[in-house]
Amino acid sequence: AGQGIQILISGLTTVLGAGSQVSLIILFSILMLASRNHLWKCGERILTQSGVQGSSEILSDIVLLIEKFLTTRLLLVVIVAIADTAIFTLFRVNYSFLLGSFLGLLTLVPAVGVIIGIVPPIVVSLAMGYSMMRTLAVVACILAVSFIEGNFLTPTMVGRRLNINALSS
């Protein structure tokens, strides 16, 4: 029981750490959106002082590229969330929607997002009394979705949307 509590505490610590990072990202996004006009004027001033002609058009192009990138990333979050929710539903893991949505959001955190996001499903499936093999099967499916997203979906969709080579995204 002591080892189970340690695993639970470390899992909760990981989840809370990820939650605080997501909260900071949301807060900074809101603050940046609130100061959009100020940021635009500063960008124009910097480009104009650097001697760049057509600074307003350049900023418009940059904003358009950023919007395309963010909408594509949001679509990828939704795709991963739906796929992971389906996996949890098929394996009859409790809180499948919550866990799938959480994993979808953590695709925004490069490299370690899936590692952080995999802890709660492991804890939930073990708490439900699933065998180690069934828990490993759930983990393998989640890792497969993450692999497909990171190596095929993201490069293809971002590359197509931003009109760049898929290898460079």
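Coordinate-derived values only; no laboratory data. On a predicted model such as this, the values are computed, not experimentally measured, just so you know. Methodologically, a virtual Cβ is constructed for each residue, glycine included, from the backbone with ideal geometry; neighbour enumeration extends over all protein chains shown.
Would you list the helices (runs of 4 or more DSSP H) that sit entirely within the range 40-119 and hold 3 or more residues that are surrounded by fewer than 17 Cβ atoms within 10 Å (Cβ to Cβ)? First the steps, then the outcome.
Numbers: elements: 55-90, 96-105, 113-117.
In the range 40-119, 55-90 are the helices (runs of 4 or more DSSP H) which contain 3 or more residues that are surrounded by fewer than 17 Cβ atoms within 10 Å (Cβ to Cβ).
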Neighbours by Cβ (under 9 Å, 6+ apart or cross-chain): first from the range 40-53, farther than 17 Å from Leu64 by Cα; second surrounded by 11 or more Cβ atoms within 10 Å (Cβ to Cβ) and among the hydroxyl-bearing types (Ser, Thr, Tyr): Arg45/Ser55; Ile46/Ser55; Leu47/Ser55; Leu47/Ser56; Thr48/Ser55
Condition check for Ala34: exposed (fewer than 11 other Cβ atoms within 10 Å of the Cβ) and closer than 30 Å to Ile116 by Cβ: yes
Inter-residue pairs, beta-carbon under 8 Å, first among the acidic types (Asp, Glu) and in the range 72-88, second crowded, with 21+ Cβ neighbours inside 10 Å and assigned to a helix (DSSP H, G or I), 6+ apart: Asp84/Leu99; Asp84/Gly100; Asp84/Leu103; Asp84/Gly104; Asp84/Ile142; Asp84/Val145
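Sort through Ala137, Ala144 and tell me the only one that's in a helix (DSSP H, G or I), surrounded by fewer than 18 Cβ atoms within 10 Å (Cβ to Cβ) and in contact (Cβ under 8 Å) with a residue 12 or more places away in the chain.
Values: Ala144 fails: in contact (Cβ under 8 Å) with a residue 12 or more places away in the chain.
Checking each option against the conditions leaves just Ala137.
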